Every structure is written in structure tokens, then in C-alpha cells.
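Reading through the C-alpha cells given below for one structure.
The values are calculated or read from the model by the stated rules, or taken from the named source; none is laboratory data. Worth saying up front: this structure is predicted, and the values here are computed from it rather than measured. Using ideal geometry, Cβ is built from the backbone for each residue, glycine included, and neighbour counts are taken over all protein chains shown. All accessible areas refer to the heavy atoms of the entire protein, side chains included, with ligands and DNA or RNA removed. Shrake-Rupley method; radii C 1.70, N 1.55, O 1.52, S 1.80 Å.
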Amino acid sequence: MSSYPEARIRPERKKSVLSGHPWIFSGALSERPKVADGSLVSLVCGTERLGTGYYNSRTDIAVRMLSNRDEAIDRDFFVRRFAKLKKGRESWLSADTNAYRVVFGEADHCPGLVVDNYAGVLVVQFHTMGMDRLRQPVVAALQEVFSPAAIVERSDLAGRRHEGLENAPVGVLHGKAPEELEIRENGCRFWVDVLRGQKTGFFLDQRENRLSLRRWSAGRSLLNVFCYTGGFSVYAASSAKRVVSLDASAPAIAMCRRNLELNGFRFPDEDFRVQDAFEALPKLAKGEFDCIVLDPPSFAKSRMQVKNAIKAYTTINTQALQALPDDGILVSASCTSHIDPLTFLKILHQSSVNAGCNLKVLEIKDQPFDHPYNLSFPEGRYLKFVVVQKNG
């Protein structure tokens with residue numbers, strides 16, 4: 001049994017905890033613990049101890065659960081958890097892939113913690129005050145379980161301010177991180193900049209969806225919009241007759257070109273376009289491309305931004321459909337967690353109405369096994385990936 005201070009929950013909210021939901025909202029507490037924000041607490045209902053989590057009075061989510069047992073949260077706790085995750089992830093990973101997500105927050109009972117493994121270099125993000133306070137045992141456990149060449153922190157996250165954290169640290173916590181490193185994914189090769197790239201350096205969550213694209217891009221002229229460093233472009237290049245990559249970031253386009261060349265593909269300069277997607281899509285000549293990939297960044301960081309996000313998704317999908325010929329393929333993705341899968345399908349339908357066409361759904365996918373979500377925590381399901389064919 002731990003000796004952590006108690007956070008007492010109202011009896012009517014006990015069922016949610018027992019069902020596995022990891023968030024305890026402030027209104028669910030009958031008595032707030034008298035502890036500093038970020039402190040570990042035991043969640044108690046009556047005389048029953050429901051588990052262990054950490055507390056923050058600054059946010060609506062007062063307690064985030066780490067365990068459904070009353071136990072010590074220390075280095076050994078994280079060693080056990082990370083060892084189990086490592087064994088599971090690596091048993092399902094293909095032999096020609098050496099980059100994957102090790103820890104995915106609430107889905108892996110580590111709320112506020114994300115860890116990615118890039119060919120033996122770990123990149124860690126501490127999203128919350130409670131997990132930030134646990135960085136020492138977390139880093140020690142990662143070293144013990146993975147023996148990494150380096151551990152890089154990428155906690156340059158806007159959400160930390162909401163937690164009461166004023167800093168956004170980026171740096172090397174262990175070992176020596178290379179300027180760039182090369183990873184393998186389903187046999188494809190990519191350069192990754194773990195210190196300066198977006199998120200943790202690469203979008204690992206689209207791994208299986210990129211593999212799927214090879215089928216739909218075969219023999220087609222493809223435009224990859226919001227291409228970043230060319231994940232979808234590299235996969236498509238092995239089957240498409242033409243691949244054009246578009247992104248507003250010149251450094252991203254430069255890395256996209258390098259990743260294509262790393263895999264043996266060379267395209268002319270005009271096939272790498274530094275353009276804003278919302279400006280470029282309306283100017284496309286109809287039929288120039290018969291396959292368009294839309295994989296934008298999240299358009300809503302909070303529920304208050306959902307209305308504008310829906311408008312943005314509808315705009316770009318409408319514009320892409322208007323540019324596609326009959327029987328053209330649209331591959332559309334969304335990583336906005338506040339837009340659920342059904343709403344995203346409604347967005348695509350409205351886009352087809354706007355473009356004056358019908359859409360045939362060919363495939364629907366979401367996030368891979370190393371970005372899991374628990375049925376007790378549907379908030380963890382964020383990625384939508386839909387392949388549709390345009391019918392006039």
C-alpha cells in the first residue's frame with residue numbers, strides 16, 4: 001500500500017473509475033487533496049482505494065490515473081510497465097521496421113507521457129505537470145529497459161502552459177543524439193530530425209496507412225498535400241506514375257526530396273512545391289492528378305475550435321474533389337481528436353455535395369497498434385483515414 005495523500009471521489013462517480021476511464025474531473029471529487037499540483041495521490045471512495053494517480057488543481061481533469069491499484073509509482077513501476085509494452089510492440093512489429101511508439105499516454109496507462117523509438121534513439125514528451133514531476137524515474141526506467149543510444153526530450157508543447165508548466169524543454173537527457181538519423185519503415189527509409197522536426201520528428205501513426213496507399217496510387221498521378229517530409233510520397237513512388245509533393249514549409253519539402261532520393265526515386269524540381277494548401281488546391285487544373293492525398297495537421301486543439309476545423313476540412317476536401325476527374329481517388333486523413341469518425345465521414349459527404357459528385361468508400365482505417373486506444377477511453381481514438389473514389 002502506498003502512503004500517498006487521499007483524493008476522495010463521490011460514490012456516484014466510482015463506476016466510471018472501475019470501468020477504466022483514466023480521468024477524474026474536478027466535479028467528481030468530494031474532497032480535494034491538500035497537496036501541491038503534480039503530486040501523486042491515492043483515489044479513495046469511502047473505505048475503498050481505487051488506485052493511484054496524480055493531481056492538478058489547475059485543470060478540469062483533477063486526477064489522471066496511473067494504476068488501478070494502490071501502489072508506489074517509482075522506477076520499478078515504470079520498468080515493469082515499459083518492459084511489458086516493449087515486448088508487446090516488438091512482437092507485432094514487422095522485421096523491416098525499426099521505428100514505433102513505445103508509450104502512448106492514457107492508452108498505455110501513462111497519462112501525459114509519449115515515447116517514440118527511432119532506431120534505438122528514444123524521444124520523450126512530458127505533457128502534464130504530474131508526469132513532468134515523474135521524469136526522473138521515467139528516464140531511468142527507459143534507460144534500463146531499452147538501453148538507448150540517446151534519450152531526447154521534445155516537450156515543446158503548448159498544452160504544458162495549461163497544466164501550469166512555464167517551460168517547454170527540448171534537449172538530450174541521455175547519451176548523444178545525432179543531427180539526423182535514418183529509420184526503416186516497411187522497408188522504406190527515412191531521415192528523421194528528432195531535435196527539430198515536427199512532433200517527435202516523424203508521423204509514425206500513419207505507418208500502416210502509408211503502406212495501404214501503394215494499392216490506391218498504382219498507375220496514377222498523385223499529389224501529396226501537406227506532405228511534410230514525404231511519408232506518403234515515398235510509399236506512392238513505388239507504384240504511381242507521378243508523385244508531386246506540396247507543403248508550405250521549404251525545409252519539409254527539402255527533406256521530402258532527400259527521403260525520396262534515399263529510396264532511389266528522383267523527380268524533377270517542379271514536382272516539389274512550396275505552397276500553402278488552401279491557396280494551391282483551388283488553382284489545380286481538373287484532371288492534372290487522379291489521386292490526391294490530404295493529411296493536414298490538426299485543425300482543432302480544443303472543442304471551441306471544432307466549428308472552424310470542420311469548415312477547414314470541408315474546404316480542402318471540396319477543393320480536392322473539384323480537381324479530381326471522374327473515378328479519381330481521394331485519400332483524406334484527420335488527426336483532430338475532437339472530430340469523431342462519423343463526423344469526418346459527414347464532412348466528406350458534404351464536400352462531395354459541394355463538388356457536385358458522389359463518393360464511393362473504398363477503405364477506412366485509423367491508428368496502428370502502437371497508437372492504441374482503450375474502449376473505456378474513446379477520447380484516445382483520434383486518427384481517421386478514408387479512401388474514396390469520385391463518381392460523377
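Summary table
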read-out	value
Extreme residue, nearest to the chain's Cα centre (by Cα), among residues of the range 137-164 that are open to solvent by 70 Å² or more (accessible area, probe 1.4 Å) and touching a residue at least 60 places away in the same chain (Cβ under 8 Å)	ALA158
Enumeration of residues in the range 253-274 that are open to solvent by less than 40 Å² (accessible area, probe 1.4 Å), touching a residue at least 40 places away in the same chain (Cβ under 8 Å) and in a helix (DSSP H, G or I)	MET255, ASN259, LEU262
Hits in the range 211-241 (condition: open to solvent by 30 Å² or more (accessible area, probe 1.4 Å) and part of a helix (DSSP H, G or I))	LEU211, ARG214, ARG215, TRP216
Given (1) closer than 22 Å to LEU213 by Cα; (2) open to solvent by 10 Å² or more (accessible area, probe 1.4 Å); (3) touching a helix residue (DSSP H, G or I) at 6+ places or on another chain (Cβ under 8 Å), index of the condition ALA355 fails	(1)
Pair list, Cβ < 6 Å and 6+ apart or interchain, from the range 191-211 residues that are farther than 17 Å from VAL123 by Cα to residues that are open to solvent by less than 10 Å² (accessible area, probe 1.4 Å) and of a type in the set (Ser, Thr, Tyr)	ARG210/TYR235
GLN322, sole failed condition from (1) more than 28 Å from ASP366 (Cβ to Cβ); (2) open to solvent by 40 Å² or more (accessible area, probe 1.4 Å)	(1)
Failed item, numbered, when GLN350 is tested on (1) open to solvent by 40 Å² or more (accessible area, probe 1.4 Å); (2) touching a Gly at 6+ places or on another chain (Cβ under 8 Å)	(2)
Any hit, the range 281-303, residues being under 29 Å from ASP116 (Cα atoms), assigned to a helix (DSSP H, G or I) and at pLDDT below 95	yes
Strands (runs of 3 or more DSSP E) fully within the range 1-117 counting 1 or more residues that are open to solvent by 60 Å² or more (accessible area, probe 1.4 Å) and not aromatic (Phe, Trp, Tyr)	6-9, 29-31, 48-55
Test: VAL194 is among the aliphatic types (A, V, I, L, M), within 26 Å of PRO372 (Cα to Cα), within 18 Å of the chain's Cα centre (by Cα) and crowded, with 16+ Cβ neighbours inside 10 Å	yes
Of all residues in the range 238-273 being more than 24 Å from the chain's Cα centre (by Cα) and among the aliphatic types (A, V, I, L, M), the one that is farthest from VAL331 (Cα to Cα)	LEU262
Residue in the range 168-187 that is open to solvent by 30 Å² or more (accessible area, probe 1.4 Å), on the phi < 0 side of the Ramachandran plot, at pLDDT 95 or above and part of a helix (DSSP H, G or I) present	no
